[in-house]
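Shown next, in structure tokens, is the structure this report addresses.
The numbers here are math on the coordinates, done by the rules we state, and not lab data. Fair warning: this is a prediction, and the values are worked out from it, not measured in the lab. Methodologically, a virtual Cβ is constructed for each residue, glycine included, from the backbone with ideal geometry; neighbour enumeration extends over all protein chains shown.
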Amino acid sequence: MKLAEALQERAALNRQIAQLSARLCANALVQEGESPAEDPAELLVELERCTSRLETLMARINHTNCATLSDGESLTDLLARRDCLNLRLDALRSFTHEASQTVRRARGTEIRILSTMNVKALQKQTDDLSGMLRRLDNRIQAVNWSTELL
């Protein structure tokens, strides 16, 4: 199994576990004399099966990420860089959006609101980071599809 396939299965298992949790809650209580729409005991068995498979899969993914190198860097390092680039980019986009807001004045006597930063430079920095993130994500995806899961 390729690493990318394991990542897809992990995402599917996470969705399935969330659905099972909701189904369990929906069938936790019934009116006296009624039966639940689904058997909670069966749902619990399915939940156990899914979480056990997820645990195994996550461990294998993590081991693979640590052992896999791309141009001398571990996949774990690349993932950490991607996560931090995403955080920086989200913050920079929010800041750029706020800094680019203009306030109209009805009269010349009203208080002027000015940007604290050069919005054009902020947008260029945002665009540069977006490009870095795309290239890094493409690199990670290529490794994911070419790496066998350990």
* Lys/Arg +1, Asp/Glu -1 at C-beta; segment 100-150 dipole; positive extreme among Ile140, Leu150, Ile111 -> Ile111
* **Cα→Cβ-extended label distance, 7 Å offset, between Asp90 and Arg112, nm** => 3.6 nm
* Between segment 1-75 and segment 84-150, what's the alpha-carbon centroid distance in Å? -> 33 Å
* Asked: Taking 0.36 nm per residue of separation and subtracting the Cα-Cα distance, what length does fully extending Ala12 through Glu98 add?
  -> 27.3 nm
* Taking only C-alpha pairs under 8 Å that are 6+ residues apart, what is the relative contact order of segment 70-150 in percent? -> 40 percent
* Structure fact -> Quarter of the surface of the C-alpha convex hull for segment 1-67, i.e. direction-averaged projected area in nm², equals 4.8 nm²
* Which of Cys66, Cys84 has the fewest Cβ neighbours within 10 Å, and the rest in rising order -> Cys84, Cys66
* Mean separation of Cα contacts under 8 Å (6+ apart) over length of the chain, as relative contact order % -> 36 percent
* Structure fact -> The simple spin-label model distance between Ser130 and Ser74, using points 7 Å out along Cα→Cβ, in nm, is 3.3 nm
* **Length-normalised contact order of segment 1-67 in % [C-alpha pairs under 8 Å, at least 6 apart]** => 43 percent
* To do: Search the structure for amide H atoms under 5 Å from the amide H of Lys2, placed 1.01 Å from N in the peptide plane, and list their residues when 5 or more places away or on another chain.
  => Leu149
* Overall Cα dimensions of segment 70-150, principal axis frame, Å, largest first -> 69, 18, 17
